[in-house]
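Participant: Provided herewith is a single structure, encoded as structure tokens, for subsequent inquiry.
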Amino acid sequence: MTVSSASTPAPRVPDQGGSVVISVDAMGGDRGPSVVVAGMAESAEKNPEIRFIVHGDEAQLTGLIARRKVLAGRCDIRHAGGVVTMHDKPSQIIRKGEGTSMWSAIESVRQAEAQVAVSCGNTGALMALSMLRLRKLPGVNRPAIACLWPSRGPQGFNIMLDVGADIRADAHDLLQYALMGASYARNGMGIELPRVGLLNVGTEEHKGRAELRQAHEMIEQAAPGSYTYVGFVEGGDLPSDRVDVIVTDGFTGNVALKTGEGTARLVGDFLKEAFSNSIMSKFAALVAMTSLKRLQKRIDPRRVNGGIFLGLNGTVVKSHGSADATGVSAAIKLAFTLAKSGFQDRLAARVAQGTAAASATTGGTGEPS
């Protein structure tokens with residue numbers, strides 16, 4: 001285990017742990033660094049190739065990591081005394097964020113010491129710092145946050161973006177989301193030719209706002225060889241097997257995400273109440289225990305913990321702030337999978353290719369020619 005200051009270059013982590021280096025903001029979550037380190041240990045147990053650069057309070061992290069034998073020789077601690085809280089405003093963090101564990105974690109990706117950064121911290125601040133330090137990919141106007149949505153599809157999840165990076169999105173932005181979402185589906189989920197749909201109030205081509213109808217044409221034109229465009233999809237298609245990637249603006253996506261999470265909790269509460277209502281219902285729950293556990297595992301939000309920031313010069317994975325060790329481990333696993341696939345380079349190449357194609361078909365004006 002190596003300890004160094006966040007403000008000065010540090011020695012590389014020994015090669016004992018393997019080839020994929022993940023930068024972890026250990027201080028940003030609601031549950032503190034002990035849960036983050038526990039999640040790191042779970043991931044390290046399953047993936048011997050992972051190494052970590054861990055950012056946060058040196059004294060706390062040294063003791064926590066020392067108690068996890070599986071992390072021995074696989075962590076480089078970077079001391080960062082500041083912490084970005086859930087109440088901090090992004091504008092404040094941009095001005096005063098240097099010296100925090102979040103800033104330091106992103107900096108390791110910017111300096112090419114790590115392939116991916118993972119944080120449980122404040123989403124707005126994380127996106128603001130990521131854009132400030134990593135910058136946007138050429139051709140990307142608005143980065144997006146992509147999340148996984150439980151579905152009936154063969155992979156068990158659909159990708160939806162944007163779910164909150166920016167509440168606005170014009171036709172060109174939605175095209176970029178389609179390109180980035182398809183790249184994520186190929187490299188993160190192994191879907192060779194992803195099916196992409198554009199979220200709308202109906203599937204008919206005449207429905208929706210003007211920018212949606214324009215995006216519909218642009219996404220369809222860019223599809224050949226990269227993805228299959230299924231056209232407009234509705235809210236009921238989010239968990240369906242009709243589509244692999246759902247494209248929408250950040251306002252709509254965030255509302256849909258929060259609604260889905262709230263509904264899942266409500267259904268879970270209703271099931272608990274129903275099965276504890278009487279002696280017979282408790283007996284029925286006992287009989288159905290195996291099926292209930294299978295259902296619980298399938299819809300467990302911890303298994304899909306991790307929103308990806310797309311459109312930046314570096315990969316950042318945002319874990320839920322309240323994630324437990326299993327959730328943190330899932331976010332790290334996702335980061336590991338993307339790093340192993342060479343996702344960032346592939347994404348940059350696909351965005352550049354798609355931007356050039358879109359410019360050619362619109363005459364550089366953003367309007368179909």
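The values are calculated or read from the model by the stated rules, or taken from the named source; none is laboratory data. Everything numeric here is computed off the predicted structure, so don't read it as measured data. Heads up, the Cβs are rebuilt from the backbone with ideal geometry, glycines too, and the neighbour counts pull from every protein chain shown. Keep in mind that these areas ignore ligands, DNA and RNA; they rest on the heavy atoms of the full protein, side chains included. Shrake-Rupley method; radii C 1.70, N 1.55, O 1.52, S 1.80 Å.
Participant: Could you say which residue among VAL247, VAL304, VAL267 is at pLDDT 90 or above and out of contact with any His (no Cβ under 7 Å at 6 or more places or on another chain)?
Facilitator: None of the other options fit; the residue is VAL247.
Participant: Against the definition (at positive phi and not in a helix (DSSP H, G or I)), how does GLY197 come out, yes or no? Please lay out each step first, then the result.
Facilitator: Working: at positive phi: no; not in a helix (DSSP H, G or I): yes.
Judged against the criteria, GLY197 is not a match.
Participant: Can you report the number of residues in the stretch 16-31 which are over 17 Å from the mean Cα position of the chain (by Cα), more than 13 Å from LEU71 (Cα to Cα) and at pLDDT below 90?
Facilitator: Matching residues across the stretch 16-31 total 3.
Participant: Still on this model: Which of the residues that make up the stretch 239-287 are within 30 Å of MET189 (Cβ to Cβ), part of a helix (DSSP H, G or I) and either touching a Ser or Thr at 6+ places or on another chain (Cβ under 7 Å) or open to solvent by 100 Å² or more (accessible area, probe 1.4 Å) (or both)?
Facilitator: Hits for the stretch 239-287 are PHE251, LYS258, ARG265.
Participant: Separate question: Would you pick out the residues in the stretch 192-212 that are under 25 Å from the mean Cα position of the chain (by Cα), open to solvent by 10 Å² or more (accessible area, probe 1.4 Å) and either closer than 17 Å to THR252 by Cβ or at pLDDT 90 or above (or both)?
Facilitator: Listed by number, the residues that qualify are LEU193, ARG195, LEU199, ASN200, LEU212.
Participant: For ALA215, indicate whether it is closer than 18 Å to PRO239 by Cα, open to solvent by less than 60 Å² (accessible area, probe 1.4 Å) and part of a helix (DSSP H, G or I). If you could, list the steps in order and put the result at the bottom.
Facilitator: Values: closer than 18 Å to PRO239 by Cα: no; open to solvent by less than 60 Å² (accessible area, probe 1.4 Å): yes; part of a helix (DSSP H, G or I): yes.
So ALA215 fails the test.
Participant: Another one. Give just the number: which of (1) in a helix (DSSP H, G or I); (2) free of Cβ contacts under 8 Å to residues at least 60 places away in the same chain; (3) surrounded by 15 or more Cβ atoms within 10 Å (Cβ to Cβ) does GLY236 not satisfy?
Facilitator: GLY236 satisfies every listed condition except (3).
Participant: Mind checking which pairs have a first residue in the stretch 147-163 that is more than 16 Å from ASP249 (Cβ to Cβ) and a second that is of a type in the set (Val, Ile, Thr) and open to solvent by 30 Å² or more (accessible area, probe 1.4 Å), Cβ under 9 Å, 6 or more apart or different chains?
Facilitator: Qualifying pairs under 9 Å: PRO150/ILE299.
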